[in-house]
Amino acid sequence: MNKKARSKIIAYIFLIVVGVVMVYPLVWLFFSCFKTNQELFGSLTFLPDHFSMDGFINGWKGSGQFTYGTFYKNTFLQVIPTVLFTVLSTGLVAYGFARFRFPMKKFLFLLMISTMMLPSSVITIPRYVMFNTFGWNDTYMPFWIPALLATYPFFIFMQIQFMRGIPRELDESAYVDGCNPFVTYVRIIFPLMKPAIFSVIIFQFLWRWNDYYNNLIFISSTKKYAISLALKMSIDSTGGVTEWSNVLSMSFLSMIPPTLLFFFAQKYFVEGITAGSVKG
Amino acid sequence: MDIRKGKENQSAPAVKVRKYPRTWKWGLLFIMPWLVGFLLLEAYPLVMSLIYSFTDFSILKSGKFVGIQNYVKLFTSDRYFLKSLGITIKYTIISVPCKVAFALFIAMILNMKLKGINFFRTVYYLPSIMGGSVAIAILWRFMFMSDGIINKLLGTLHMPQPNWLGDPDTALATMVLLVVWQFGSSMVLFLGALKNVPTELYEAAAVDGASKPRQFFKITLPMISPIIFFNIMMQTINALQEFTSPSIITNGGPNHGTYLLGLKIYEDAFKNLKMGYASATSWVLFAIVLVITVLMFKTSDAWVFYNDGGLDS
């Protein structure tokens, strides 16, 4: 028993020490936002001498022509429809694979799973060329359409796994009541998928919010920049001297929406991905 | 996993024997968005990039067929390709095992029945929220500057203060540190897997006198091997394509020492507008992913234990 207590104490000490190292950069970033440029490089103190809001005020001005207000609006305009489309499309596709038999199902399922291994750099160049002929470059269509067309196999797979845990008797009793398969999905399955759907929302929101690569390729005018490109611009274009206090403040600010979502929905998130990924 | 579940759908004995239940059209209808997406946004671009790779195509000109010239050039006269390939493989080989092992280790500790585990789980996940974002890469660049906070901390401890981003090896090391720091999603998957290992197995092993390490190797590892497999696979594919870190933290430098393939393909295609050539490079990357995938699946029979139809179904 004594040995057990000791190993628990060791575990706690370890968790705390590693935990401090883990969050140190983020806490340090938070306090750095309130430091002036001289203080950032001059001193080692953790807390700023006095809390200066200059980093936020000057940083928010963005490129001069466009403020971070525009960049946030753009990011939401890009990300929120993408997340909604992903939930709509991947859920239906998962339902199709999980509950129905149809010709070539096994082959199509393997094909869908194997696209998880497709490196995006292989398909990006032809997509760019194709979207260019559609006139979609420098719009958010290159973000919305792939979501509407369910090209996120990870989410499909996760929801199939989750659906396997929902008893089929529920579907069948809905059929008996005269619901067609689509109505059954909307009324019976979808509400029961809550943990899995929250996982899709969180993951997809975080990934799209953080996306840099696709923005860099498909978006060219500053007017349409999302936060990732705005931040990239802020470390590039200040002509030699980077205003680090502005850059750090804006970086910190950009982390708030995803972090809030994570805290708000993390109960479902853990439930959804553990149930969704481990069974079978 | 069992994808033939549909068999159970035939609740009443079928009067007429049919190959598919009469709902098969609905099934196809539901997967239609993906099927269209696959053909339009994945299959077609994949074929096109293979075609481009045999041309000198760019967005400015339609391109003419040049045979295997792009590939020959990559391996013989490109100053940076082989170097870039080597660094990418090095980055992957170092970062993936570190990340997966660290994620498993922390998940094992979090799986001990301790109080306040939810708090620690959240804290450990926190850095992963921002994933491959520009914001985190900027933070990293700032922390590891020669007069940044890391070196100041090392200074107070009287330790050597390397010029992290000024030397190819330490610059790559900072990028490895960044990706290992964000082990959260692997950790959550491991936690789920560990919780599903039946405790009776450990109890039985303890009765038989098996030591803790022996239990780990004989019970824990085999039981969670599918998740280990999945994590290694996904992290490898991500690492081979890493883009944000070299683009923001080092810009591929110093001396092209962190010029990962993802960055090279982007620059060749969208800055130098050599899209045919960049397509050839991306196909080499794709070939590497394919070889790794095949190798992983071939060896998986030996080390991945599938408990199909076991305790949870």
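Coordinate-derived values only; no laboratory data. What you see is a predicted model; the values in this text were computed from it and never measured. Here the Cβ positions follow ideal geometry from the backbone for every residue, glycine too, while neighbour counts run over all protein chains shown.
Given H placed on each backbone N at 1.01 Å, which residues far from B:THR55 in sequence or on other chains put an amide H within less than 5 Å of it?
Amide H to amide H, under 5 Å and 5 or more residues apart or across chains, B:THR55 pairs with B:VAL66.
So what is the calculated 222 nm ellipticity per residue for chain B, using -39500 (n - 2.57) for each DSSP H run with n of 4 or more, over all residues, to the nearest 500 deg cm²/dmol?
Calculated from helices alone, the mean residue ellipticity at 222 nm is -19000 deg cm²/dmol.
Please return the longest stretch of chain B lacking exposed loop sites, where trypsin sites (Lys or Arg not before Pro) count only if DSSP places them in a loop and at most 14 other Cβ atoms lie within 10 Å.
Free of exposed loop sites, the longest segment is B:116-313.
Can you tell me which of B:THR258, B:THR170, B:THR199 moves the most in a GNM of chain B? Springs connect C-alpha atoms under 10 Å apart.
Result: B:THR199 has the largest fluctuation of those listed.
For A:LEU110 and A:LYS223, compute 0.36 nm times the residue count separating them, minus their Cα-Cα distance, and round to one decimal in nm.
Working: separation 113, 0.36 × 113 = 40.68 nm, distance 4.12 nm.
This chain segment gains 36.6 nm when fully extended.
Roughly how crowded by other chains is peptide B:267-276, in terms of the mean Cβ count from those chains within 10 Å of each of its Cβ atoms?
Taking all residues of B:267-276 together, the mean is 2.
Between B:GLN235, B:GLN182, B:GLN215, find the one with the highest GNM mean-square fluctuation for chain B; connect C-alpha pairs within less than 10 Å.
Sorting by GNM fluctuation, first place goes to B:GLN215.
If each Cα of the stretch B:69-303 is one equal point scatterer, what is log10 of I(q)/I(0) from the Debye formula at q = 0.13, 0.14 Å⁻¹?
With no solvent term, the Cα-only Debye profile gives -0.91, -1.00.
List every residue whose amide H lies under 5 Å from the amide H of B:PHE305, counting only residues 5 or more places away in sequence or on a different chain, with H placed 1.01 Å from N in the peptide plane.
The list, which skips near neighbours in sequence, is B:SER225.
In the structure shown, do any of A:LYS61/A:LYS223; B:LYS61/B:LYS271; A:LYS232/B:LYS61; A:LYS106/B:LYS19; A:LYS35/A:LYS73 have a Cα-Cα gap over 21 Å, and if so which?
Violating the 21 Å Cα-Cα cut-off are A:LYS232/B:LYS61; A:LYS35/A:LYS73.
Among residues other than A:ASP138 whose Cβ falls under 15 Å from its Cβ, what is the net charge (Lys/Arg +1, Asp/Glu -1)?
Result for the local shell: +3.
Report Rg/Rh for the stretch B:87-126, rounded to two decimals, where Rg is the Cα radius of gyration and Rh the Kirkwood radius.
1.17
List every DSSP H helix in chain A whose Cα atoms extend 15 Å or more along the helix's own long axis and whose mean Kyte-Doolittle hydropathy is at least 0.5.
Span-like helices, by this rule, are A:2-32, A:68-99, A:120-134, A:153-164, A:194-210, A:244-278.
Would you list, by chain and number, the aspartates and glutamates whose Cα falls below 18 Å from the Cα of A:LYS105, excluding same-chain residues fewer than 8 positions away?
Of all the aspartates and glutamates, those that pass the test against A:LYS105 - Cα under 18 Å, at least 8 places apart if same chain - are B:ASP2, B:GLU8.
Apply the Karplus curve 6.51 cos²θ - 1.76 cosθ + 1.60, θ = phi - 60°, to the phi angles in the stretch B:216-233 and return the couplings in whole Hz, x for Gly and Pro.
Working through the residues one at a time gives 4, 6, 8, 10, 4, 4, x, 5, 9, 4, x, 6, 4, 4, 4, 4, 4, 4 Hz.
Can you give me the Rg/Rh ratio for the protein assembly as shown, using Cα atoms for both radii and the Kirkwood formula for Rh?
Numbers: Rg = 25.3 Å, Rh = 26.0 Å.
Using only Cα positions, Rg/Rh for the protein assembly as shown is 0.97.
List the chymotrypsin sites (Phe, Trp or Tyr not before Pro) within the stretch B:142-219 that DSSP assigns to loop and that have no more than 13 neighbouring Cβ atoms inside 10 Å.
Listed in order of number, the matching sites amount to none.
Specify, per residue and in Å³, the volume enclosed by the convex hull of the alpha carbon atoms belonging to the stretch B:77-197.
Taking the convex hull of the Cα positions in the stretch B:77-197, it is 140 Å³ per residue.
Just from its helices, what would the mean residue ellipticity at 222 nm be for chain A, if runs of 4 or more DSSP H residues each count -39500 (n - 2.57) and the sum is divided by every residue, rounded to the nearest 500 deg cm²/dmol?
Numbers: 14 runs with 202 residues, N = 280.
Roughly -23500 deg cm²/dmol at 222 nm, from the helical runs in chain A.
Can you give the mean number of other chain Cβ atoms that lie within 10 Å of the Cβ atoms in peptide B:120-128? Could you put the intermediate results ahead of the total?
Details: counts 7, 2, 4, 8, 5, 5, 8, 4, 3.
Mean shielding count: 5.
P(r) for the stretch A:63-278, please, calculated from all Cα pair distances in 10 Å bins and given in %.
7, 28, 31, 21, 9, 3, 1, 0
How about B:LYS195: which aspartates and glutamates have a C-alpha closer than 20 Å to its C-alpha, ignoring those fewer than 8 places off in the same chain?
B:LYS195 reaches A:GLU271, B:GLU203, B:ASP308, B:ASP312.
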